[in-house]
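Worksheet: the structure to be examined is printed underneath.
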Amino acid sequence: MTAHHHDALELLQAEHHAVRKLFQDYRELATHEATGARRKALAEQICMELTIHARLEEELFYPVVRDAIRDDDLMDEAEVEHAAARDLMVQILSMDAAEELYDAKVTVLGEYIEHHVREEEAEVFAKVRRSGLDLDRLAQRLRVRRAELEAVPEALREELLVSMMA
């Protein structure tokens, strides 16, 4: 989804921007009463992009950031927000687009993500910029891991759906 950006924060911001655009596209489809198949395909794309993005943050970004900025409350909140979004994504992926509340769940997911992104960019990213982390090296690690995750989209979907059973 992302091109080669200069550092990890720019890369993550580009991903945030791309997901915002997907949610905007979904709102347009829903407003114009697009077919369930079109809405479902876009919702699944959103969920897969968010799953990859969350994995990147949880595996590579958050652990080093937690150590660098020493703000456990802020990082704990980010992790809880990821878990809440994941729960909603599992519900969306397990539904048919014609089901009651489908569009509402995608809308609420978009609102969760918008809140999370605003807070992350304003608070977490600002502290990271001041922390002295090697953001270029971290960006490279994020790019490599993204490529690995994108290579196995069905495994990610299966992982999400299995978490529904847990």
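The values are calculated or read from the model by the stated rules, or taken from the named source; none is laboratory data. Computed from a prediction, not measured in an experiment: that's the story for all the values here. Here the Cβ is made from the backbone with ideal geometry for all residues, glycine too, and neighbour counts use every protein chain on show. Calculation scope for accessible area: heavy atoms of the full protein, side chains included, ligands and nucleic acids excluded. Shrake-Rupley method; radii C 1.70, N 1.55, O 1.52, S 1.80 Å.
Considering (1) modelled with pLDDT of 95 or more; (2) more than 18 Å from the chain's Cα centre (by Cα), say which one I113 fails and leave the rest.
In the conditions (1) modelled with pLDDT of 95 or more; (2) more than 18 Å from the chain's Cα centre (by Cα), I113 misses (2) alone.
Looking at segment 62-107 only, could you name the residues that are among the charged types (D, E, K, R) and over 30 Å from G36 (Cα atoms)?
R66, D67, R70, D71, D72, D73, D76, E77, E79
Identify all residues within segment 26-48 that are open to solvent by 30 Å² or more (accessible area, probe 1.4 Å) and either of a type in the set (K, R) or closer than 30 Å to R137 by Cα (or both); write none if there are none.
Within segment 26-48, R27, R38, K40, Q45, M48 qualify.
Give all pairs with beta carbons closer than 6 Å in which a residue from segment 62-85 that is more than 20 Å from R130 (Cβ to Cβ) and in contact (Cβ under 8 Å) with a residue 24 or more places away in the chain meets a residue that is of a type outside the set (K, R) and open to solvent by 40 Å² or more (accessible area, probe 1.4 Å); count only pairs at least 6 apart in sequence or on separate chains.
Sorted first by the residue in segment 62-85, then by its partner, the pairs are A85/Y112.
Kindly provide the set of residues from segment 77-110 that are acidic (D, E) and within 12 Å of the chain's Cα centre (by Cα), ordered by number.
E79, E81
Which residue pairs have Cβ atoms under 6 Å apart, sit 6 or more places apart or on different chains, and have a first residue in segment 124-140 that is among the aromatic types (F, W, Y) and a second that is part of a helix (DSSP H, G or I)?
Going by the 6 Å Cβ cut-off, the qualifying pairs are F125/L9.
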